[in-house]
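I'd like to ask some things about the structure below.
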Amino acid sequence: QVQLVESGGGLVQPGGSLRLSCAASGTFFSAYTMGWYRQAPGKQRELVAAITSGGNTTYPDSTKARFTISRDNSKNTLYLQMNKLKPEDTAVYYCSTVPRFLSWGQGTQVTVSS
């Protein structure tokens, strides 16, 4: 059974940085486009960054130039470097395939507040 385990969240002040990690079990990881999603209270889950198996990345306008997604296929691990964090980035962050066909992991909470 494939498992996704997110980590690295926490409390950070506006303008700060965090690096999230997602460890994936199984042999599927390197073959698929992977993404980071987030869900804020009362809002729908949204995709905030994606990376293809070949390393091409895409971002929505809300995270472009602040977030950087990367992957290490040898370690089955996905990363999200988040800089210049804003209060509106507060959410639970999840990783999965794009499009998603795996069950959600437990996510990691990111709180941006002074």
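Which one of Gln13, Gln44 is closer than 14 Å to Met82 by Cβ and more than 13 Å from the chain's Cα centre (by Cα)? Full working, then the answer.
Working: Gln44 fails: closer than 14 Å to Met82 by Cβ.
Step by step, each of Gln13, Gln44 is checked, and only Gln13 is closer than 14 Å to Met82 by Cβ and more than 13 Å from the chain's Cα centre (by Cα).
Of all residues being surrounded by fewer than 16 Cβ atoms within 10 Å (Cβ to Cβ) and modelled with pLDDT of 95 or more in the range 17-32, which is nearest to Asp89 (Cα to Cα)? Just the residue, please.
Step one: filter the range 17-32 for residues surrounded by fewer than 16 Cβ atoms within 10 Å (Cβ to Cβ), giving 17, 19, 25-28, 30-31.
Narrowing further to those that are modelled with pLDDT of 95 or more: 17, 19.
Values: Ser17: 11, Arg19: 13 Å.
So, considering only residues that are surrounded by fewer than 16 Cβ atoms within 10 Å (Cβ to Cβ) and modelled with pLDDT of 95 or more, the one nearest to Asp89 (Cα to Cα) is Ser17.
Collect the residues in the range 77-103 that are assigned to a loop (DSSP other than H, G, I, E, B), open to solvent by less than 40 Å² (accessible area, probe 1.4 Å) and either more than 11 Å from Arg38 (Cα to Cα) or out of contact with any strand residue (DSSP E or B) (no Cβ under 8 Å at 6 or more places or on another chain) (or both), keeping them in residue-number order. Can you show your working first?
Within the range 77-103, the subset assigned to a loop (DSSP other than H, G, I, E, B) is 83-86, 90, 98-103.
Restricting the remaining residues to those that are open to solvent by less than 40 Å² (accessible area, probe 1.4 Å) gives 85, 90, 102.
Those that are assigned to a loop (DSSP other than H, G, I, E, B), open to solvent by less than 40 Å² (accessible area, probe 1.4 Å) and either more than 11 Å from Arg38 (Cα to Cα) or out of contact with any strand residue (DSSP E or B) (no Cβ under 8 Å at 6 or more places or on another chain) (or both): Leu85, Leu102.
Ok, one more. Please go through (1) in contact with a helix residue (DSSP H, G or I) (Cβ under 6 Å, 6 or more places away or on another chain); (2) at pLDDT 95 or above for Leu85 and return the number of the only condition it doesn't satisfy.
Against the list (1) in contact with a helix residue (DSSP H, G or I) (Cβ under 6 Å, 6 or more places away or on another chain); (2) at pLDDT 95 or above, Leu85 comes up short only on (1).
Just the residues that are basic (Lys, Arg) and not in a strand (DSSP E or B), please, taken from the range 29-76. I'd like the intermediate steps shown before the answer.
Here is the first cut: in the range 29-76, the residues basic (Lys, Arg) are 38, 43, 45, 64, 66, 71, 75.
Within the range 29-76, Lys43, Arg45, Lys64, Arg66, Lys75 qualify.
So, one more: Kindly establish whether Val110 is open to solvent by less than 40 Å² (accessible area, probe 1.4 Å), touching a helix residue (DSSP H, G or I) at 6+ places or on another chain (Cβ under 7 Å) and either more than 19 Å from Gly9 (Cβ to Cβ) or assigned to a strand (DSSP E or B) (or both).
Values: open to solvent by less than 40 Å² (accessible area, probe 1.4 Å): yes; touching a helix residue (DSSP H, G or I) at 6+ places or on another chain (Cβ under 7 Å): yes; either more than 19 Å from Gly9 (Cβ to Cβ) or assigned to a strand (DSSP E or B) (or both): yes.
In short, yes.
The values are calculated or read from the model by the stated rules, or taken from the named source; none is laboratory data. Note that this is a predicted model, so its numbers are computed, not measured. Every residue, glycine as well, gets a Cβ built from its backbone with ideal geometry; the counts of neighbours run over all protein chains shown. Each accessible area value is taken on the protein alone, full model and side chains, heavy atoms only, with ligands, DNA and RNA left out. Shrake-Rupley method; radii C 1.70, N 1.55, O 1.52, S 1.80 Å.
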